[in-house]
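Asks: Dumping the structure here so I can ask a few things about it.
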Amino acid sequence: MATSYAGAVRNGTMAASRLHRQVEQKALIELRGGNVDVFGAIHALDLPLLLRPLDGLLGAFIRDPVPGVLITTLRPMPIQRFTAAHELGHYYLQHQPSLDDETILRRMAATSAPAADYQEIEADAFAIGFMMPLWLIVWHCERQGWTAENLAKPGTAYQLALRLGASYKATCLTLGRHNLLPFQRVQDLLKTEPKQVKSALLVSYQPRDYRGDVWLLTERDANTRIDGSRNDLFVLRLAEHSGGGYLWNIDQLRASGFAVVGDAIEDIDGEGVGGPVMRRVTAANLEAGRGTIQLDERRPWDPDEPLARLAVDYDFTGPEEIGLSRAERRILLEAA
Ligand SMILES: [Zn+2]
């Protein structure tokens, strides 16, 4: 156990990167994108997990009769994932039992000197290092072409948060921790509520509520993996060569169980007549599930190879519910 704040942060962070290597998460993500599979890691370590509606608690780590973790089913997926990573940290660092409430979220945002509960500081640093390591942020930034200047914009920080499977707030604070953004930039980001970002992305479409996330998908997301929740929406923004007769076939979206709730052409300034336009399609998830979104850009009358193709693997089955975790279900299904 650490005896200083800096020591606790170091211990937690180093343990997280040890576990990444142990469960080979880094290699997997570099191959197919996505986020760190926290529940998959719990399963890989054979650590017993219970998902239950917990009253007043986000999660807990117990040691008797055997080590195990409890995670609430009553919170959105990013909070479940952060809590699970925190409890996994208690286990991996061989901590004492811990009952964890909202304090784990508040502690992350604290700007004053933290209390000297080094076990909790270690577990927090583990959770941040495991879910939001610098290499993962850099991977997504390289893939998306995001610079530090972009990350200082709420819309970009929000899209990064979705791809990390973390909350907007946790992501902004982590950008500060990794020194990717200065303190004041992080504070500025935190003034924006995710709801504002979602509403701006949806333009005129108004969902029943703003609890679901809104993914902005472009050709930069081709052949990656996105991991969301049942009530998520997505906005596809794709260059379309309609001057040459090529159109994105959005019927493929409908066939995969998505409702198209918006379809518009955006102006691209500076392009002559006949140049590509920007097609903007907004879709809602009708039948929660997993699969591949595949869209082809082709001439409707032409059976030839499409001009372009976007394929994105998705899992919109979050958040975790009572019973087996989604990672456990997936592994059982794959083994069947
Ligand atoms: Zn704890």
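Asks: Considering only region 113-140, state which residues are within 28 Å of residue 196 (Cα to Cα) and open to solvent by 20 Å² or more (accessible area, probe 1.4 Å).
Replies: 134, 138, 139
Asks: Same structure again: Working carefully through the options 84, 60, find the one that is within 24 Å of residue 334 (Cα to Cα) and in the same structural domain as residue 107 (by TED's automatic domain parsing). Break it down into steps so the answer makes sense when it comes.
Replies: Working: 60 fails: within 24 Å of residue 334 (Cα to Cα).
The unique qualifying residue is 84.
Matching residues to (1) over 16 Å from the mean Cα position of the chain (by Cα); (2) open to solvent by 50 Å² or more (accessible area, probe 1.4 Å); (3) not assigned by TED's automatic domain parsing to the domain that holds residue 157:
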position: 210; (1), (2), (3): yes, yes, yes
position: 215; (1), (2), (3): no, no, yes
position: 221; (1), (2), (3): no, no, yes
position: 229; (1), (2), (3): no, no, yes
position: 232; (1), (2), (3): no, no, yes
position: 237; (1), (2), (3): yes, yes, yes
position: 245; (1), (2), (3): yes, no, yes
position: 248; (1), (2), (3): yes, no, yes
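Asks: Can you name every residue in region 250-260 that is in a strand (DSSP E or B) and crowded, with 16+ Cβ neighbours inside 10 Å?
Replies: Pass one, region 250-260, residues in a strand (DSSP E or B): 258-260.
Within region 250-260, 258 is the sole residue that qualifies.
Asks: Is there a residue in region 217-230 that is in a loop (DSSP other than H, G, I, E, B), farther than 16 Å from residue 282 by Cα and of a type in the set (D, E, K, R)?
Replies: In the first step, residues of region 217-230 are kept if they are in a loop (DSSP other than H, G, I, E, B); the result is 218, 222-224, 230.
This time we only want the ones that are farther than 16 Å from residue 282 by Cα, so: 222-224.
Cutting the leftovers down to of a type in the set (D, E, K, R) gives us none.
No, the conditions are met nowhere in region 217-230.
Asks: Still on this structure, please answer the following. I need the helices (runs of 4 or more DSSP H) fully contained in region 1-81, keeping only those with at least 1 residues that are touching a Lys or Arg at 6+ places or on another chain (Cβ under 8 Å) and open to solvent by 70 Å² or more (accessible area, probe 1.4 Å). Before the answer, list the steps.
Replies: Values: elements: 5-22, 25-32, 38-44.
Per the criteria, 25-32.
Asks: Which ones in region 82-108 are open to solvent by 40 Å² or more (accessible area, probe 1.4 Å) and polar (S, T, N, Q)?
Replies: 94, 96, 103, listed by residue number.
Asks: Checking residue 94 against (1) in contact (Cβ under 8 Å) with a residue 60 or more places away in the chain; (2) closer than 18 Å to residue 41 by Cβ, only one condition comes out false. Which one?
Replies: Failing condition for residue 94: (1).
Residue-wise test of (1) within 15 Å of the ligand (Cβ to nearest atom); (2) outside the structural domain of residue 10 (by TED's automatic domain parsing); (3) at pLDDT 90 or above; (4) under 24 Å from residue 21 (Cβ atoms).
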| site | (1), (2), (3), (4) |
| --- | --- |
| 93 | yes, no, yes, yes |
| 96 | yes, no, yes, no |
| 109 | no, no, no, no |
| 115 | yes, no, no, no |
| 120 | yes, no, yes, no |
| 124 | yes, no, yes, yes |
| 127 | yes, no, yes, yes |
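Asks: Which one of these is open to solvent by 30 Å² or more (accessible area, probe 1.4 Å) and of a type outside the set (S, T, N, Q): 191, 198? Working first, answer last.
Replies: Numbers: 198 fails: open to solvent by 30 Å² or more (accessible area, probe 1.4 Å).
Residue meeting the stated conditions: 191.
The values are calculated or read from the model by the stated rules, or taken from the named source; none is laboratory data. Here the structure is a predicted model, which means the values were calculated and not measured. Please note: Cβ atoms are built from the backbone with ideal geometry, for glycine as well, and neighbour counts cover all protein chains shown. Keep in mind that these areas ignore ligands, DNA and RNA; they rest on the heavy atoms of the full protein, side chains included. Shrake-Rupley method; radii C 1.70, N 1.55, O 1.52, S 1.80 Å.
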